[in-house]
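Below you'll find the structure, written out as structure tokens, and then a few comments.
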Amino acid sequence: MTATSLPPNSAPRVRVRAGRLVLYTVLVALTGLFIGPFGWLILSGLKTPAELAASPVHWLPTHVQWHNFADAFNLIDFLGYARNSLIIALVYAVLVTLSSAWVGFGFARLEAPGKKTLFGILIGSMMLPQMITLLPTYLIFAKLGMVDTYWPWVFWGLAAAPYLVFLFRQFFAGLPRELEEAAIVDGCGYGTIFWRIFLPQSWPVLSASFVIAFTWSWGDYIAPQLLLSTDKSTLAVAVMTTYVTSAGTPVANLQAAASVMYVVPILLIFLIAQRGFVAGMSTTGLK
């Protein structure tokens, strides 16, 4: 072997390392792309209004305004609005996760005429924008006297969500048929099979569904703005509507600081449940 010759199998290793380098470069670039807006939000919360309105753009604050976060917290009943958001999000997330699991179990394990048609209609309803159903929904709740209450989120939770039903249906369809047959031989009904056998097996999808549903409700602006009064409204509405001057002009730096604090609970929930969330999204549909 000459001094310039390569050892055996070195070329494939070089290609693998080059491929990994390209992959890591792309991943770092995508990470920066996704984190960039949140980083800019944090920087905006540390600037003065003049720096935010300056042209050309001031990328970094000249003097860090840490008090913006304290001002944003104290100018409104931040904890009160956060409590309202937490109540709504928890109630909706728990109920919609369980109801979607039950519906998904029915589509996956029960046989009935027209099941495929109903499932197709359910999946097709995912294509409807929220704005189309918002006005009829408001009229229904107004007729029932549920405006300015949290009952709409209870009924939305009990009604299941098409996307979550799809997740549970795919997961339950991949479980062995022997589990169900053995339970039936032992005299179990489908209710017992669902609660005692299938639901405990679905913790990855339960975790993923809860995080998704909680994020939906926590980040919803339109429904609380339409259905709730100011005292019962959520943090999302308060952040967008209450940080204004006497002339009605938004105070952008306080809105940015409040938005950072508003996002923190979602980040904490995802960090706590990320293992189950990733497992649920990766195993759904695999047999």
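For the range 118-218, with all protein chains in place and a probe radius of 1.4 Å, 69% of the accessible heavy-atom surface sits on carbon or sulfur.
Using a 1.4 angstrom probe on the protein heavy atoms only, could you order Met240, Met127 from most to least accessible area?
Numbers: Met240 115, Met127 160 Å².
In descending accessible area the options line up as Met127, Met240.
By the equivalent-ellipsoid construction on the alpha carbon gyration tensor, the range 72-124 comes out with semi-axes of 40, 11, 5 Å, ordered largest to smallest. Computed log10 I(q)/I(0) for the range 151-206 at 0.19 Å⁻¹: -0.76, from the Debye equation with unit scatterers placed on every C-alpha and solvent omitted.
Build a GNM of the chain with springs between Cα atoms under 10 Å apart, and of Ile123, Ile35, Ile140 the one that fluctuates most is Ile35.
Towards the positive end of the charge dipole of the chain, with charges on Cβ (+1 Lys, Arg; -1 Asp, Glu), say which of Phe107, Pro136, Met240 has the farthest Cα. The one lying farthest along the dipole's positive direction is Phe107.
Starting from the Cα coordinates of the chain, work out the convex hull volume and express it per residue in Å³.
Details: hull volume 68.0 nm³, N = 287.
Spelled out: Cα convex hull of the chain, divided by residues, is 237 Å³.
Think of a 1.4 Å ball rolled over the protein heavy atoms: the chain then has 60 Å² of accessible area per residue. Shown here are the Rg and Dmax of the Cα trace of the range 205-275, at 14.4, 48 Å. Residues whose amide H lies under 5 Å from that of Val244, counting only those 5 or more places away or on a different chain, are Val251; hydrogens are built 1.01 Å from N in the peptide plane.
Averaging the Cα positions of each part gives two centres, and for the range 49-93 and the range 96-113 these lie 41 Å apart. Mean shadow of the range 1-125, computed from the convex hull of its alpha carbons, in nm²? That works out to 19.4 nm², a quarter of the Cα hull's surface.
The values are calculated or read from the model by the stated rules, or taken from the named source; none is laboratory data. Nothing here was measured: the structure is a model prediction, and the numbers come from that model. Note that we place each Cβ from the backbone using ideal geometry, even for glycine, and neighbour counts take in every protein chain shown. Ligands, DNA and RNA are excluded from the accessible area calculation, which covers all protein heavy atoms including side chains. Shrake-Rupley method; radii C 1.70, N 1.55, O 1.52, S 1.80 Å.
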